[in-house]
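Taking it in order: structure first as structure tokens, then the write-up.
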Amino acid sequence: MKKLSLANTPTRIEEIQLMDADLPARLFVKRDDMTGVAVTGNKIRKLEYLLQKALDDGATDVITRGAIQSNHTRATAMVCARLGIKCHVLLQGPRDADEEGNYFLDRLAGADIRIIDEDDGDPDEAMRVWKENLDREGATTMIIPMGGSDGLGCLGYVDCFDEILEQEEEMGVRFDTVVAVAGSGGMLSGLVYGNALSGAKKDIVGISVLHTEKELVDTIIPSLVDEMNKVSGKTVGNYDVTVIDDYVGLGYAKSRPEEMEFIWDFVSQTGIILDPVYTGKAMYGTFSELMDGHWKDKENILFIHSGGAFGWTKKQIEMLLRK
Ligand SMILES: *Cc1c(COP(=O)(O)O)cnc(C)c1O
């Protein structure tokens, strides 16, 4: 399937050392935070497919949505700026949020931003109405779902899985386990699909920062696998996945002091930036599972670093400094 070439891939795989911890397995990080600067993170792999489709369909405008500090809307706005597509983003408020981080970058990229609050109704419906209005005025508008997570977007992480298999050959290492953060579940589903198609038989582990294990395993992942079957023309029936929802903590984008403390230790010992919303929680989870002896059978663990550095808002920074 055709896709744009936008990301700096293959992304590096680096083994990390934590000086004050004796990890019971080797821990490697796949640096998908280095897919680009303005487009850092995992969303760009999905957007290579999604915006190829936008161009193929002659789209003049794109609408997408996310949280106020969405990495996905920022990456979409930046790519649209480059492609000459008008980008409209629907952000879930508060309306008086400070213009910083990803929200500021959405604006810098020239995106047309609308903010909605919780009581403003269904945001997907709002995107549909917005599209109708734009199309009535002569635009050809494509809606990209939250997180870029539909069957087409997820193919970006099937490719990432294949990339990992090639890198294993080059490096002479076999990763028995691949760990990814699960937000909307798209990145995880793509990796699961790639694992099933290739017969590589790795443990694919998703650490959730939003949904429950049940939601991901019973509903979200199966429906994304179905969608990938439709768009790829391939068939994955059975697949394996492990989802851990013990590290959602206080909830999406809410941090606990112990997470902040861990992030500080980690960054100061590795020089790799973790973000408070996604990778910080997932790396904290990975580290905890390892140190608590839950992953005794694992030898070589590959953690997908999915980006997120722009998510350090004033509030998050204050909390880190107070910790
Ligand atoms: C969006 C995002 C995720 C989660 O990816 P999903 O495909 O939505 O599960 C993880 N990490 C970062 C930094 C993200 O921006």
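When only DSSP loop residues count, what GluC sites (Glu not before Pro) in the range 116-190 have their Cβ near at most 10 other Cβ atoms within 10 Å?
Here the sparse-neighbourhood loop sites are Glu137.
Using only Cα atoms, find the angle between the long axis of helix 71-83 and the longest principal axis of the chain, and express it within 0 to 90 degrees, rounded to the nearest 10.
50
Go through the range 43-56 residue by residue and turn each phi into a ³J(HN,Hα) via Karplus (6.51, -1.76, 1.60, θ = phi - 60°); whole Hz please, and just put x for glycine and proline.
Those phi angles translate into 5, 5, 5, 6, 5, 4, 7, 5, 7, 4, 5, 4, 5, 4 Hz.
Give me the 1.4 Å probe accessible area per residue for the chain, excluding ligands and nucleic acids, in Å².
Roughly 44 Å² per residue, with all protein chains present.
Taking square-rooted eigenvalues a ≥ b ≥ c of the alpha carbon gyration tensor, is the range 1-111 rounded, prolate or oblate, where a/c under 1.5 means rounded and, failing that, a/b exceeding b/c means prolate?
It is oblate, given that a/c is not under 1.5 and a/b is not larger than b/c.
Pick out which of Gly58, Gly233, Gly190 has the largest mean-square fluctuation in a Gaussian network model of the chain, springs linking Cα atoms closer than 10 Å.
Result: Gly233 has the largest fluctuation of those listed.
Assign one of three labels to the range 29-188, namely rounded, prolate or oblate, based on the Cα gyration tensor with a ≥ b ≥ c the square roots of its eigenvalues; rounded applies when a/c is under 1.5, prolate when it is not and a/b is larger than b/c, and oblate otherwise.
prolate
In debye, nearest 20, what is the charge dipole magnitude of the range 175-323 about its Cα centre with +1 on Lys and Arg Cβ and -1 on Asp and Glu Cβ, if you could check?
420
May I ask you to give the percent of accessible area on the chain that is carbon plus sulfur, with a probe radius of 1.4 Å?
49
Can you flag which of Lys53/Lys202; Lys86/Lys281; Lys3/Lys234; Lys230/Lys296; Lys86/Lys315; Lys46/Lys298 are past 26 Å Cα-Cα?
Lys53/Lys202; Lys86/Lys281; Lys230/Lys296; Lys86/Lys315; Lys46/Lys298
Heavy atoms only, probe 1.4 angstrom, no DNA, RNA or ligands counted: give me His211, His305 ranked by accessible area, highest first.
Final ranking, largest accessible area leading: His211, His305.
Against the longest alpha carbon principal axis of the chain, how many degrees, from 0 to 90 and to the nearest 10, is the axis of helix 123-136 turned?
On a 0 to 90 degree scale, this one is about 40.
Provide the three semi-axes, in whole Å and in decreasing order, of the ellipsoid equivalent to the range 205-265 as defined by the square roots of 5 times the Cα gyration tensor eigenvalues.
So the equivalent ellipsoid measures 31, 11, 10 Å along its semi-axes.
Sorted by accessible area (1.4 Å probe), largest first, how do Ser268, Ser288 line up?
My answer, sorted largest first, is Ser268, Ser288.
Against the longest principal axis of the chain, how steep is helix 279-291, in degrees 0 to 90 to the nearest 10, with axes from Cα atoms?
Computed tilt is about 20 degrees.
Taking a ≥ b ≥ c as the square roots of the Cα gyration tensor eigenvalues, with a/c under 1.5 meaning rounded and otherwise prolate when a/b beats b/c, else oblate, which class fits the range 152-233?
Taking the square roots of the gyration eigenvalues as a ≥ b ≥ c, the range 152-233 is oblate.
With every protein chain present, what accessible area does Phe266 have (1.4 Å probe, heavy atoms only), rounded to the nearest 10 Å²?
0
Over the heavy atoms of Cys80, what accessible area does a 1.4 Å probe trace out, to the nearest 10 Å²?
We get 0 Å² for Cys80.
Given the chain, what whole percent of its Cα pairs are spread farther than 26 Å?
Tail of P(r) above 26 Å: 45 percent of Cα pairs.
Per DSSP helix of 4 or more residues, -39500 (n - 2.57); summed, then divided by the residues of the chain. What does that give at 222 nm, rounded to the nearest 500?
That calculation yields -13000 deg cm²/dmol at 222 nm.
What FRET efficiency would be calculated for the residue pair Arg128, Ala309, taking the C-beta separation as r and a Förster radius of 22 Å, to the nearest 0.05?
0.10
Would you mind telling me the antiparallel percentage of the DSSP bridges in the chain, rounded to 5?
10
Rolling a 1.4 angstrom probe over the protein chains, ignoring ligands and nucleic acids, what is the accessible area of Ile301 in square angstrom, nearest 10?
The accessible area of Ile301 comes to roughly 0 Å².
Are there any trypsin sites (Lys or Arg not before Pro) in the range 39-124 that are in a DSSP loop and have at most 14 other Cβ atoms within 10 Å? List them by number.
Arg95
The values are calculated or read from the model by the stated rules, or taken from the named source; none is laboratory data. This is a predicted model, so every value here is computed, not measured. So basically every Cβ, Gly included, is an ideal-geometry build from the backbone, and we count neighbours across all protein chains shown. These accessible areas exclude ligands, DNA and RNA; they are computed on the full protein's heavy atoms, side chains included. Shrake-Rupley method; radii C 1.70, N 1.55, O 1.52, S 1.80 Å.
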